[in-house]
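Visitor: Have a look at the structure that comes next, please.
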Amino acid sequence: EKAGYKHFMLKEIFEQPRSIADTISGNMSWLKGDGKLEGVDPKSFDRIQIIACGTSYHAGLIGKFYIENLTRIQVEVDYASEYRYRNPIVNEKTLVIAITQSGETADTLAAMKLAKEKGAKTLAICNVIGSTITREADTTIYTYAGPEISVASTKAFTTQLTALFILALYLGKERKTLSSEKLEAYFKLLMEVPSKMEEFLNTERKEEIVKKIALEFYKASDALYLGRYVNYPIALEGALKLKEISYIHAEGYPAGEMKHGPIALIDETMPVIVVATKSKVYEKVLSNVEEVKARKGRVVSIVNKGDKAVKQLSEFSIEVPEVNEFLSPIINVVPLQLFAYYIADFLGYDVDQPRNLAKSVTVE
Ligand code: M6R
């Protein structure tokens, strides 16, 4: 059932191009033409709150960029476990989006229930048909990742990003903040993602490069992950993957925040993984890499083909295909998933069943 892969996690990493393509085609009917997303009137709210846990929360952070940029609707993102106890301001004019792979996460269910009681409209983004959240939400957008067995979430995450991007396009269309030309252009860029990811995954040397870097760092006791803008949440996600399967302490930070404290951690032993693909903040990230370098940090960078400036400052670089900057997190997370995977495997850990963790957290 692992289809020749050593672990489900690796299989699921490699399934991502297919899962993303399926998530696009599975949601096409309501995005395209006169299609409608049943259950929620796209003009009936003036703000959005996203609630989720763990990896799904990181997807939510990126979803905020998508929705705010394409629709200009204000979006807040909360951990479900925080939302439910913070007395949130929520009413009939709020759309609450719950993101959950399993549809059974206790905190996410409770947070959505609370929002519903206060009159909010509710939308679930979920991977499991018929799960509890899908029965309780006003409407559900499915991700078509297929069953995710590994405790560490991979394909659920990239399909959640796909679903969030489609939702942002839909809201932009319905609320007329996005012209049909723009929508078409974005949709075309989204359609290119599976083949770009395939291109990355199926270049034999790529796996070798990531493995080689993992071999260099698997004995580290800490790691820092940096990113900015849409790729800041990818730094958080990369760090979470490393923590949960390899038990190495890791932190994700917005690269621009380094000088406000965490830079004190950097010395010649500290691995610093930087997401530095092309975007409007590329130059900013470059100067952050220079700051790390000046303190002798060991820089591993995720860059686009043809990059020179960041590469020059890096001990190791992993090249990924270039895509639109909004969509770049979907590609950029893949090398970080592989990096965490190989480190955990080198350490001999049970990659699919890390200690102390369950696939779905059905208790508070
Ligand atoms: O099923 P959910 O998406 O609600 O699960 C949320 C988190 O428990 C989950 O993403 C967790 O953080 C993963 N193990 C991360 O890889």
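Visitor: What whole-number value in Å² describes the accessible area per residue of the chain for a 1.4 Å probe? Write out the running numbers ahead of the final one.
Guide: Working: 14860 Å² over 364 residues.
For the chain, the per-residue accessible area is 41 Å².
Visitor: To continue, here is another question. What angle do you read, to the nearest 10 degrees and between 0 and 90, between the alpha-carbon axis of helix 106-117 and the longest principal axis of the chain?
Guide: 30 degrees
Visitor: I'd like the orientation of helix 16-26 relative to the chain: the angle between its Cα long axis and the longest Cα principal axis, in ° from 0 to 90, rounded to 10.
Guide: Computed tilt is about 10 degrees.
Visitor: May I pose another question? Rounded to the nearest percent, how much of the accessible area of the stretch 170-317 (1.4 Å probe, protein heavy atoms only) is carbon and sulfur? Please report the intermediate quantities before stating the final value.
Guide: On the way: 3550 of 6920 Å².
In the stretch 170-317, the share of accessible area belonging to carbon and sulfur is 51 percent.
Visitor: Using the structure shown, select from Lys11/Lys284; Lys155/Lys284; Lys176/Lys280 the pairs with a Cα to Cα distance greater than 27 angstrom.
Guide: On the way: Lys11/Lys284 35 Å; Lys155/Lys284 30 Å; Lys176/Lys280 25 Å.
Violating the 27 Å Cα-Cα cut-off are Lys11/Lys284; Lys155/Lys284.
Visitor: Oh, and also: Which order do Arg47, Arg175 take by accessible area at a 1.4 Å probe, largest first? Kindly include the intermediate steps, with their values, before the conclusion.
Guide: Values: Arg47 45, Arg175 70 Å².
Greatest to least solvent exposure: Arg175, Arg47.
Visitor: Provide the packing ranking of 29-40, 106-117, 78-89, 248-259, i.e. peptides ordered by the mean count of other C-beta atoms within 10 Å per residue, highest first. Mind dumping the intermediate values first?
Guide: Values: 29-40: 13.2, 106-117: 20.7, 78-89: 16.8, 248-259: 19.1.
Listed from highest to lowest mean packing, they are 106-117, 248-259, 78-89, 29-40.
Visitor: If you scale each eigenvalue of the Cα gyration tensor by 5 and take the root, what three semi-axes come out for the stretch 233-347, rounded to whole angstrom and sorted largest first?
Guide: Details: eigenvalues 77, 68, 34 Å².
In descending order the semi-axes read 20, 18, 13 Å.
Visitor: Using the alpha-carbon centroid of each, what span in Å lies between the stretch 73-147 and the stretch 193-269?
Guide: Here the two parts' Cα centres lie 29 Å apart.
Visitor: Angle check, please: helix 180-201 long axis (alpha carbons) against the longest principal axis of the chain (alpha carbons), in degrees 0 to 90, nearest 10.
Guide: The helix 180-201 is inclined about 40 degrees to the chain.
The values are calculated or read from the model by the stated rules, or taken from the named source; none is laboratory data. What you are looking at is a predicted structure, and each value in this text was computed from that prediction instead of being measured. Using ideal geometry, Cβ is built from the backbone for each residue, glycine included, and neighbour counts are taken over all protein chains shown. We work out accessible area using only protein heavy atoms, side chains counted, and drop any ligands, DNA or RNA first. Shrake-Rupley method; radii C 1.70, N 1.55, O 1.52, S 1.80 Å.
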